[in-house]
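The values are calculated or read from the model by the stated rules, or taken from the named source; none is laboratory data. In this text the structure is predicted, and so the values were computed from the model without any measurement. Counting neighbours? That spans all protein chains shown, and the Cβs are built from the backbone with ideal geometry, glycine included.
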Amino acid sequence: MRKLIIQAVAKFLCGLLLIGVLLFLPAGTVRYAGAWRLIGLLFVPMLLVGVLLLIKAPGLLQKRLNDRESEGEQKTVIALSALEFIVCFVLAGLDFRFGWTRFPGWVTVVSCTLFLIAYALYAEVMRENAYLSRTVEIQENQQVISTGLYGIVRHPMYFAVILLFWAMPLVLGSLPAFLVMLPFPLLLVKRIRNEEKVLEEGLAGYREYEKKVRFRILPFIW
């Protein structure tokens, strides 16, 4: 347990430091309200969820901390996602410094609301699926989850992630950063196709589940 706590705290602090550097350094100041707003929306719930998982489901927390991907295709997707993430944040900081974007107040309210909704969906997915991992793998005794959000789409976590990533640059108040994030779902398409191939080959009952729940992310679309 002690090792898990140290690992969780280290990742939390590293993530906080990284995002702070990516936002405040390009902005040239720490007086960047959008950055503090995002940090609060992102890290306060993350801390609360992390503590809850540590108490109620330490095994799931351990899985969420593991990001060592073994699938070659997934490594490419993760690398491109990380690059997109970095460019988005740096652009947002530069946007604040040079004043490229001026959003009305309602955009901030709506984007913050969408961010929290996405976070709530993400938390619900973790509650429903004890096998949820950050890497594509078949776990011991893993079973197909087909109830709750998984009865609507096959990958509700990725739907939540798309909302989160699209809301982030709007919370930061940057149109250029939002445009950088727009293609993000295309990377998830590649990840999902590879993930489903792994699940079809290694997880009993997954092919039947695919026939039952036809749509991957968005009902009636894909």
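Restricted to the stretch 79-99, and to residues there that are more than 19 Å from the chain's Cα centre (by Cα) and more than 12 Å from residue 168 (Cβ to Cβ), the residue that is surrounded by the fewest Cβ atoms within 10 Å (Cβ to Cβ) is 99. Could you tell me which residue of the stretch 26-45 is farthest from residue 88 (Cα to Cα), considering only residues that are touching a helix residue (DSSP H, G or I) at 6+ places or on another chain (Cβ under 7 Å) and surrounded by fewer than 15 Cβ atoms within 10 Å (Cβ to Cβ)? Filtering first and then ranking leaves 30.
Only one of these is closer than 19 Å to residue 35 by Cα and either at pLDDT 85 or above or not aliphatic (A, V, I, L, M) (or both): 179, 188, 218. Name it. Show your work before the answer.
Numbers: 188 fails: closer than 19 Å to residue 35 by Cα; 218 fails: closer than 19 Å to residue 35 by Cα.
Among 179, 188, 218, only 179 is closer than 19 Å to residue 35 by Cα and either at pLDDT 85 or above or not aliphatic (A, V, I, L, M) (or both).
Per the listing 222, 166, the residue uniquely under 23 Å from residue 76 (Cα atoms) and in a loop (DSSP other than H, G, I, E, B) is 222.
Let's see how each residue does on (1) over 16 Å from residue 178 (Cα atoms); (2) of a type outside the set (Ser, Thr, Tyr); (3) at pLDDT below 80:
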position	(1), (2), (3)
38	no, yes, no
45	yes, yes, no
54	yes, yes, yes
62	yes, yes, yes
65	yes, yes, yes
76	yes, no, no
81	no, no, no
85	no, yes, no
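All conditions but one from (1) surrounded by 18 or more Cβ atoms within 10 Å (Cβ to Cβ); (2) touching a Ser or Thr at 6+ places or on another chain (Cβ under 7 Å); (3) over 30 Å from residue 35 (Cα atoms) apply to residue 174; the one that does not is (3).
Which of the residues spanning the stretch 98-109 are in a helix (DSSP H, G or I) and either without any contact (Cβ under 8 Å) to a residue 40 or more places away in the chain or under 14 Å from residue 42 (Cβ atoms) (or both)? Outline the logic, then answer.
Initial filter on the stretch 98-109 (in a helix (DSSP H, G or I)): 98, 105-109.
Within the stretch 98-109, 98, 105, 106, 109 qualify.
Considering only residues that are of a type in the set (Lys, Arg) and without any contact (Cβ under 8 Å) to a residue 24 or more places away in the chain, look in the stretch 1-48 and name the one that is nearest to residue 98 (Cα to Cα).
Going through the stretch 1-48, the residues of a type in the set (Lys, Arg) turn out to be 2-3, 11, 31, 37.
Right, trim to without any contact (Cβ under 8 Å) to a residue 24 or more places away in the chain and you get 2-3, 31.
On the way: 2: 45, 3: 44, 31: 14 Å.
Ranking the candidates gives 31 first.
Look through the stretch 181-208, keep the residues that are in a helix (DSSP H, G or I), hydrophobic (A, V, I, L, M, F, W, C) and in contact with a helix residue (DSSP H, G or I) (Cβ under 8 Å, 6 or more places away or on another chain), and return whichever of them is farthest from residue 157 (Cα to Cα).
To start, the set of residues in the stretch 181-208 that are in a helix (DSSP H, G or I) comprises 181, 184-202, 206-208.
Next, only the ones that are hydrophobic (A, V, I, L, M, F, W, C) stay: 181, 184, 186-189, 192, 198-199.
Still in the list and also in contact with a helix residue (DSSP H, G or I) (Cβ under 8 Å, 6 or more places away or on another chain): 181, 184, 187-188, 192, 199.
On the way: 181: 17, 184: 14, 187: 14, 188: 11, 192: 11, 199: 16 Å.
Out of the qualifying residues, it is 181.
Under the condition of being crowded, with 16+ Cβ neighbours inside 10 Å, touching a Leu at 6+ places or on another chain (Cβ under 8 Å), at pLDDT below 90 and among the hydrophobic types (A, V, I, L, M, F, W, C), the residues counted in the stretch 112-148 number 4.
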